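A.B. asks: This is the structure I have questions about; it appears just below.
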Amino acid sequence: MRHCSVQVRGLLTREELDRYNALIEVGSFLESQNRYDLAYTVQKEIDLLIIPGIERLKEKGRQRDRDTEAYLNSKRDAESDDDEFEDEDEDL
């Protein structure tokens with residue numbers, strides 16, 4: 001069975017994680033019994049189950065990018081304000 005990443009598992013709800021763990025256990029058992037035809041079906045179900053976690057991870061990344069952009073913009077604005085004050089001091 002293919003596991004999803006720790007980051008994705010961390011973003012699954014309790015219910016999703018419980019179901020994920022149960023499906024992994026069932027799939028591992030089927031593989032140990034050489035029932036790869038049934039294990040394939042279980043793996044497909046796992047792949048569908050983790051989609052919401054993947055989307056949450058993507059959204060976290062997008063939010064981090066927005067926060068970084070806002071921080072850089074505020075720093076740039078603060079530097080612009082400092083430059084304006086220096087120009088005023090030179091005029092005096």
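A.B. asks: Rounded to the nearest 500, what is the chain's calculated 222 nm mean residue ellipticity when only DSSP H runs of at least 4 contribute -39500 (n - 2.57) each, over all residues? Can you show the working numbers first?
C.D. replies: On the way: 4 runs with 79 residues, N = 92.
Calculated from helices alone, the mean residue ellipticity at 222 nm is -29500 deg cm²/dmol.
A.B. asks: Add +1 for every Lys or Arg and -1 for every Asp or Glu among the other residues with Cβ under 14 Å from the Cβ of E16, and state the total.
C.D. replies: Values: positive: R9, R14, R19, R56; negative: E15, D18, E45, D47, E55.
Here the charged neighbours net out to -1.
A.B. asks: Apply the Karplus curve 6.51 cos²θ - 1.76 cosθ + 1.60, θ = phi - 60°, to the phi angles in the stretch 4-14 and return the couplings in whole Hz, x for Gly and Pro.
C.D. replies: The phi angles translate into 8, 5, 4, 4, 5, 4, x, 9, 7, 5, 4 Hz.
A.B. asks: Which log10 I(q)/I(0) values does the chain give at q = 0.14, 0.19, 0.24 Å⁻¹ under the Debye formula, counting every alpha carbon as one identical point scatterer?
C.D. replies: Taken in order of the listed q values, log10 I(q)/I(0) reads -0.64, -0.87, -1.09.
A.B. asks: Hey, what do the phi angles of the stretch 69-81 turn into as Karplus ³J(HN,Hα) couplings, whole Hz, using 6.51/-1.76/1.60 and θ = phi - 60°, x for Gly and Pro?
C.D. replies: Whole-Hz 3J(HN,Hα) from phi for the stretch 69-81: 4, 5, 5, 5, 5, 5, 5, 5, 5, 5, 5, 5, 5.
A.B. asks: From the backbone phi of the stretch 34-44, what are the Karplus-calculated ³J(HN,Hα) couplings (6.51 cos²θ - 1.76 cosθ + 1.60, θ = phi - 60°) in whole Hz, Gly and Pro given as x?
C.D. replies: Whole-Hz 3J(HN,Hα) from phi for the stretch 34-44: 6, 9, 5, 5, 6, 4, 4, 5, 5, 4, 4.
None of the figures in this text is laboratory data; all of them are computed from the coordinates on show. Note that this is a predicted model, so its numbers are computed, not measured. FYI the Cβ positions are ideal-geometry reconstructions off the backbone, even for glycines, and counts take in every protein chain you see.
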